[in-house]
Amino acid sequence: MSRKSIVAGNWKMNLDRAKARELTAAVASRAGEAAGVELVLCPPALYVETVGTALKAAGGTSPSGVALGAQNMHDKASGAFTGEVAPPMLVDMCCKYVILGHSERRTLFGETDAIVNAKTKAALAAGLTPIVCVGETLEEREGGRTDAVVTTQVKGSLAGLSPAELEKIVLAYEPVWAIGTGKVATPQQAQEVHALIRALLGSLASAAVAGKIRIQYGGSVKPDNAADLAAQPDIDGALVGGASLKADDFLGIAKAFG
Ligand code: PGA
């Protein structure tokens, strides 16, 4: 089953407007280096317009170019939710993707599987592609609970989605202990969990649907470890934090998935 690899840059709460513009232009002008790989930039919400404008100037936000994504959103389409961003607003700003349930959202901002589930449904209803993140902590891994934790997160985050909806999402397996630590999961460790997630998706929909869903790995992905991860059969791309802030590193990773 051939799946188009997807490499997304999660800029988190970094850069300023000028640097966001500069990085976008650098990535967009060199996107051809990673031919065949879908590239996504996820800037802070306030710079989505800046990045979208820079992508358009470089011919992006199109099927062949670099796509725009957000790092989070609310699950309601509008209303009295001070400080929040609604799914239709992201669509309005040309976002195609939205990262949901990132471990920083789960641990620092109290997002539960139920919240991630509501956001996932809202993203799909708005026409966005959710990148739904799951992953265990070091304590959970060392306690032999990785499979159970990831299974609960996947089932909870995707509860009630039809096979047609499941087919549209992207999943990201990000072991919490590997995020921003420089400690990458071994390709074997990552592949084992990716295979588990795909089997789980098969039980939620069908093997055919599961075979179409892209599962990214995230957590200290760098140009020098990306190729080994990309070689695994169930790793279909990367969700990149720190290394996405440098065009060379981000493109180096993307190339490995080409
Ligand atoms: P990292 O972050 O690449 O800096 O480890 C990954 C992520 O949080 O998505």
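Flag set for G211, criterion: modelled with pLDDT of 95 or more, more than 16 Å from the ligand (Cβ to nearest atom), over 24 Å from R106 (Cβ atoms) and over 16 Å from the mean Cα position of the chain (by Cα). State all residues of region 97-135 that are farther than 24 Å from V66 by Cα, among the small types (G, A, S) and crowded, with 20+ Cβ neighbours inside 10 Å; if no residue qualifies, say none. Correct list: S103, G135. Restricting attention to region 13-29, and to residues there that are crowded, with 18+ Cβ neighbours inside 10 Å and in contact (Cβ under 8 Å) with a residue 60 or more places away in the chain, which single residue is nearest to L100 (Cα to Cα)? The extreme case among them is L15. What residue, among those in region 213-238 that are part of a loop (DSSP other than H, G, I, E, B) and touching a strand residue (DSSP E or B) at 6+ places or on another chain (Cβ under 7 Å), is nearest to E165 (Cα to Cα)? Applying the filter and picking the extreme gives I213. Pairs linking a residue in region 236-247 that is more than 12 Å from the ligand (Cβ to nearest atom) to a residue that is β-branched (V, I, T) and in a helix (DSSP H, G or I), with Cβ atoms under 7 Å and 6 or more positions apart or on different chains, are A247/V27.
Scan region 177-188 for residues that are within 9 Å of the ligand (Cβ to nearest atom) and either buried (at least 18 other Cβ atoms within 10 Å of the Cβ) or in contact (Cβ under 8 Å) with a residue 60 or more places away in the chain (or both) and jot them down. Listed by number, the residues that qualify are A178, I179, G180, V184. Residues in region 136-149: is at least one over 22 Å from V7 (Cα atoms), more than 16 Å from the ligand (Cβ to nearest atom), in a helix (DSSP H, G or I) and of a type in the set (V, I, T)? For region 136-149, residues over 22 Å from V7 (Cα atoms), more than 16 Å from the ligand (Cβ to nearest atom), in a helix (DSSP H, G or I) and of a type in the set (V, I, T): present.
Every condition in (1) free of Cβ contacts under 8 Å to residues at least 12 places away in the same chain; (2) within 16 Å of the ligand (Cβ to nearest atom) is met by P130 except one, and the failing one is (1).
The values are calculated or read from the model by the stated rules, or taken from the named source; none is laboratory data. On a predicted model such as this, the values are computed, not experimentally measured, just so you know. Quick reminder, even Gly has a Cβ in these numbers, built from the backbone with ideal geometry, and neighbours come from all protein chains shown.
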